[in-house]
Amino acid sequence: MKIALGVTGGVAAYKAAELVRRLQQEKLDVQVVMTRSAQEFITPLTFAALTGKKVITEMFGAGGAEPANVESAIEHIAVAQRIDLLLVAPATADILAHFAQGIARDFLSTLYLATKAPVVVAPAMNVNMWEHPATQENLQKLRARGVHVVDPDEGYLACGMTGAGRLAATDAIVEKVRAVLGLRRDLEGQTIVITAGPTREDLDPVRFLTNRSSGKMGYALAEAAARRGAHVVLISGPTDLPIPESVDWVPVRSTEEMRAAVRERASDANVVIMAAAVADYRPTAAQKQKLKRGDGGLTLELEPTPDILAELGREPVRQNGRRVLVGFAAETDHLAENARDKLARKGADVIVANDVTQEGAGFDTDTNIVTMFLRDGRELPLPKLTKFEVANRILDQVLEGQKR
Ligand code: CTP
């Protein structure tokens, strides 16, 4: 996996060299980006030697004095698209302010705007600068946007003062990067059944009822859980998505087939996540022959499908609290009310709800905006994140629920 490491101008910039080494030990491919002030503290040569790659230091040509270099001008877009994560360590108060305001003043701040990859910042600064409301407000803004912050440690600071502001320990930064990339093996030993995609209910041999689900959320969950070491059973309705590596893939078509597969595989699962958009109704009787066009209208008679999640919620193993059940709720209105109702009605531990009318949420997008509704009454809203990141946050919640 590829990560960009932004180094900004603080005394702690020298610690970024050790950080590069540790990230490489995690088999991460590191591209260093330095701000101009960072180069006052440490030379690009150090990072070039460690990474074997040219360090990115400028937006346009050398020092901006030369005519704009087209190659370097478009480089930030190329880097932005290539990386799996942007890490900034140390992050000064200044770069946090630029990120918070969306000011693209140099390569690093442009990269922040141009990338869709998750962002981790590890601030380091003088204690007064750290505690200043301006810095804290900027951090709050960034957190609300989904940026991960590795808080600084307390201790003796280079400026002679004592307090919070010292760059977090290298191990803590690497651990956060691993968590965000889904590289922790914290689901080892668990079997997780995940359903994904739509179901199809046949009307006749050539026509069916279905919905707009692409399966992306369920597939992201399967990939995230497998990377974290779980044995994943992915029960999938028809989708165009590639099968994630190292998952046990079970293709199904109708609600009835999905139900049978879930019932069979859920018996030894620790967690069941119903991300599929299961049809609620199916034709009372599928026609054996193709329906012919007549002169008048056509009325279809539909019957409700079995509610797979609710059935699992009623099982005794569930009532002993031994299996974590997660459901989804795609809503267009009254999100919280409907989600809480589903939590109770289906006996789930978590309902992940999204408003599918919102830009960047719902069907066939790569991002999602969800709120997790928990059995204990808590509501955890998440900012707009990639579906892979949403998947990891849901899995974090599952783990937390198991510990309690
Ligand atoms: N679900 C299920 N079996 C069904 C219908 C839904 O297991 N027959 C699961 C979905 O996979 C999802 C959750 O229940 O995790 C909520 O699905 P949704 O369609 O939003 O809920 P419904 O109970 O069908 O409510 P409504 O359609 O009225 O909003």
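Side notes on the structure shown:
- Residue ranges of strands (runs of 3 or more DSSP E) in the stretch 157-253 with at least 3 members free of Cβ contacts under 8 Å to residues at least 60 places away in the same chain, within 23 Å of F363 (Cβ to Cβ) and more than 21 Å from the chain's Cα centre (by Cα): 248-251
- Filter result (in a strand (DSSP E or B), out of contact with any Lys or Arg (no Cβ under 6 Å at 6 or more places or on another chain), at pLDDT 95 or above and within 12 Å of the ligand (Cβ to nearest atom)) within the stretch 344-372: V350, V352, A353
- Here D341 meets the list (1) part of a loop (DSSP other than H, G, I, E, B); (2) open to solvent by 60 Å² or more (accessible area, probe 1.4 Å); (3) within 10 Å of the ligand (Cβ to nearest atom) almost entirely, failing just condition (1).
- Looking across V233, V247, V324, one residue alone is within 25 Å of T371 (Cβ to Cβ), touching a strand residue (DSSP E or B) at 6+ places or on another chain (Cβ under 6 Å) and of a type in the set (V, I, T). It is V324.
- Consider the stretch 269-306 and keep the residues that are in contact with a strand residue (DSSP E or B) (Cβ under 8 Å, 6 or more places away or on another chain) and small (G, A, S). The one that is farthest from the ligand (Cβ to nearest atom) is A286.
- Selection status of Q101, farther than 26 Å from A80 by Cα and surrounded by fewer than 17 Cβ atoms within 10 Å (Cβ to Cβ): no
- If only residues of the stretch 297-318 that are without any contact (Cβ under 8 Å) to a residue 12 or more places away in the chain and not aliphatic (A, V, I, L, M) are counted, the one that is most open to solvent (accessible area, probe 1.4 Å) is T299.
- Evaluation of A310 against the conditions (1) within 13 Å of the ligand (Cβ to nearest atom); (2) under 24 Å from the mean Cα position of the chain (by Cα) shows that the sole unmet condition is (2).
- Residues that are near the ligand (Cβ under 10 Å from one of its atoms) and either part of a strand (DSSP E or B) or open to solvent by less than 10 Å² (accessible area, probe 1.4 Å) (or both), drawn from the stretch 254-268: T255, M258, V262
- Qualifying residues in the stretch 1-48 (those that are in a helix (DSSP H, G or I) and among the small types (G, A, S)) - the one surrounded by the fewest Cβ atoms within 10 Å (Cβ to Cβ): A48
- The set of residues in the stretch 361-404 that are among the aliphatic types (A, V, I, L, M), surrounded by fewer than 19 Cβ atoms within 10 Å (Cβ to Cβ) and over 20 Å from N338 (Cα atoms) contains only L399.
- Checking K176 against (1) open to solvent by less than 10 Å² (accessible area, probe 1.4 Å); (2) assigned by TED's automatic domain parsing to the domain that holds E154, the condition it does not meet: (1)
The values are calculated or read from the model by the stated rules, or taken from the named source; none is laboratory data. Given the structure is predicted, the values throughout are model-derived calculations rather than measurements. Neighbour counts run over all protein chains shown; Cβ positions are idealised from the backbone, glycine included. Accessible surface is based on the protein model in full, side chains and every heavy atom, while ligands, DNA and RNA are left aside. Shrake-Rupley method; radii C 1.70, N 1.55, O 1.52, S 1.80 Å.
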